[in-house]
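Scroll down for the structure; my scribbles are underneath it.
The values are calculated or read from the model by the stated rules, or taken from the named source; none is laboratory data. The structure presented is a predicted model; accordingly, all values stated were derived computationally and were not measured. Don't worry about glycine lacking a Cβ; one is built from the backbone with ideal geometry, like all the others, and counts go over all protein chains shown.
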Amino acid sequence: MSSASNRVDCTFETPPLPTTDTQEATAAFLDEAGGRYARACQDQHGALATQVGTNNVARDIDVLRASLGEQTINYLGFSYGTILGASYATLFPQRVRAMVLDADAPPTWFSDYLVEIDADGAAGAELALRRLDQLCRAAADCPLRTAGVVATFDRVVDRLDRNPVIVGDAAITGQSVISLVFPALYAEVSGWPFIVRVLAHADAGDTSDLPAIAPLGPTLTLPSGFAVICDDAATRRFGLDYLPAQTGNNEIYPRFGGVNFGLAVTTCSAWPRTRVTPIKNLETRNKVVLIGNDFDPATPMMWSRNMASALGEKAALIRYQGGGHTIYGSGSACIDGAVEAYFRDLTVPASGLTCPAQQLSFSPGLRAAAAAPTVAEILPRVAPKPTRLPRRH
């Protein structure tokens, strides 16, 4: 069957929930869900389902480059965009003029790494929350300075799990806290103080900021991103294989275990095998600049270091000493200056460049969140310098 668009959103009926909590029953449920997802994608999208992987998107970028009559490209990629950029630079190294990869996913993306990727991400989110706790305890204007961010988080989650707040057909539970806090950790300057305010309100009994979560319905629609992950990853594991590791990870990191790629392990279990070109040492003309944050909740700093090692001597890594997921355009003059100088005139950042964290304000209204720059605002800052023609005499 053909798809009406290039999106591979797949809808399938969820299996009956297991009647016991044994690992065998859970594995059987997850295996059945993975099989139903794979069949649904094939039925609803045909061959397209296995053609939306990152390597093919990189090839699409090169078609766009050629259609514009350009010899090389300038590329700025964030998060998943770092994998896309690294893939393009691997496949078409001589067509890269300048490339910046901010908040790097692991170079093992194209291998059997889905179980470990979730464990790494859960550890990164835990580290970010604990860093917020440290900063709050040291700030005179933090409302949880005495109570502590982590202790308050745990207390609110426990209370809502024991006594959910019913909102229509949905409920505010401990999962509601996790669902709000995890994405808010992505934005250091605005999101971290927001987390503190929400937790303080919830601890005092005001749960109005927390989302109500509806129970799992008879059907589930998963967006295209899952098909992309399954096309890219080599992980094809059944429940009894990956559940022990995944369960162990969730027990070690109970606050955020499973929030990154936990479901992807299930959805890819019965996915057709695909062929990919892994990331390797680059042969680009110029350096590729990588940026990693010390307290990134989604793509830990070690992934940026691993990506730098995978890309070889062409990689130049910038370290940001703060948190949040991605940093360019978020208000760090050190980061923005290095990136823009590199794009404009290919000035490679100094080896080992480290940029300090931005200061947080926990007082409402003292510092507005820096709005993410638009493409129109970014382009003049990163446009390469025009070639100067020789003057006629």
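Could you please find all residues in region 240-256 being of a type in the set (G, A, S) and modelled with pLDDT of 95 or more?
Once the filter is applied, which keeps residues that are of a type in the set (G, A, S) and modelled with pLDDT of 95 or more, region 240-256 yields nothing.
Could you pull out the residue among G324, G312, G337, G329 that is surrounded by fewer than 18 Cβ atoms within 10 Å (Cβ to Cβ), small (G, A, S) and at positive phi?
G312
Against the conditions (1) within 25 Å of A123 (Cα to Cα); (2) modelled with pLDDT under 95, S351 satisfies every one except (1). Listed conditions (1) surrounded by fewer than 19 Cβ atoms within 10 Å (Cβ to Cβ); (2) farther than 16 Å from L290 by Cβ are all met by T50, apart from (1). Among the conditions (1) at negative phi; (2) in contact with an Asp or Glu (Cβ under 7 Å, 6 or more places away or on another chain), N56 misses just one, which is (2). Taken over region 273-328, the criterion of being over 21 Å from the mean Cα position of the chain (by Cα), among the polar types (S, T, N, Q) and within 19 Å of S351 (Cα to Cα) is satisfied by N281, T284, N286. The criterion of at least 2 residues that are of a type in the set (S, T, Y) and loosely packed, with under 15 Cβ neighbours inside 10 Å is met by the following strands (runs of 3 or more DSSP E) wholly inside region 113-227: 219-222. Exactly one residue out of A25, A58, A33 is part of a helix (DSSP H, G or I), more than 24 Å from S111 (Cα to Cα), of a type in the set (G, A, S) and modelled with pLDDT of 95 or more: that is A25. Selection of region 134-165 for residues being of a type in the set (S, T, Y) and under 26 Å from the mean Cα position of the chain (by Cα) yields only T152. Do we find a residue being in contact (Cβ under 8 Å) with a residue 24 or more places away in the chain and under 30 Å from A89 (Cα atoms) anywhere in region 63-71? Yes, region 63-71 contains at least one residue that is in contact (Cβ under 8 Å) with a residue 24 or more places away in the chain and under 30 Å from A89 (Cα atoms). Just to be sure, is V228 under 23 Å from the mean Cα position of the chain (by Cα), within 23 Å of T82 (Cα to Cα), modelled with pLDDT under 95 and not assigned by TED's automatic domain parsing to the domain that holds Y186? Here the answer is no, as V228 does not meet what is asked.
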